[in-house]
1. Looking only at residues in the range 61-96 that are of a type outside the set (A, V, I, L, M) and touching a residue at least 12 places away in the same chain (Cβ under 8 Å), which one is least open to solvent (accessible area, probe 1.4 Å)?
2. What do you reckon, is residue 57 at negative phi and at pLDDT 70 or above?
3. When you look at residue 3, is it open to solvent by 70 Å² or more (accessible area, probe 1.4 Å), over 30 Å from residue 84 (Cα atoms), at pLDDT 70 or above and not basic (Lys, Arg), yes or no?
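The values are calculated or read from the model by the stated rules, or taken from the named source; none is laboratory data. What you are looking at is a predicted structure, and each value in this text was computed from that prediction instead of being measured. All Cβ positions, glycine included, derive from the backbone under ideal geometry; neighbour counts span all protein chains shown. Ligands, DNA and RNA are stripped out before the accessible areas are found, and what is left, the full protein with its side chains, is counted by its heavy atoms. Shrake-Rupley method; radii C 1.70, N 1.55, O 1.52, S 1.80 Å.
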Amino acid sequence: MATLLVAVLAGFRLFKRGMSVVDALGAAADHVSSGLSTPGTVVEYDQSSRRYPHGTDATHGDPEEIRALRTTGKAERIEARRVRRVTRRAQRGQAQNMRDLHLF
């Protein structure tokens, strides 16, 4: 009989502790969700114009043609990054890289 009483009391205590943990988790979730729901700055990103960098699915294409398209696309992306970098540095009044200006 004493063993049964100890088991019931231990079960009740375990249940109460479990419920307090669930309540604490609910309070933490409410705190986090209230912090996320406040309006902030919205960042708008440019839409990607092409799914594949070279404009075609490489699975069914001629390997040499796909390689050439990839190389061309890579050069275009490098040049676009260079132009953005030069523009950004010019707007900020920062020194330019000689390679970016194609002086050498």
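1. 73
2. So residue 57 does not fit the description; no.
3. yes
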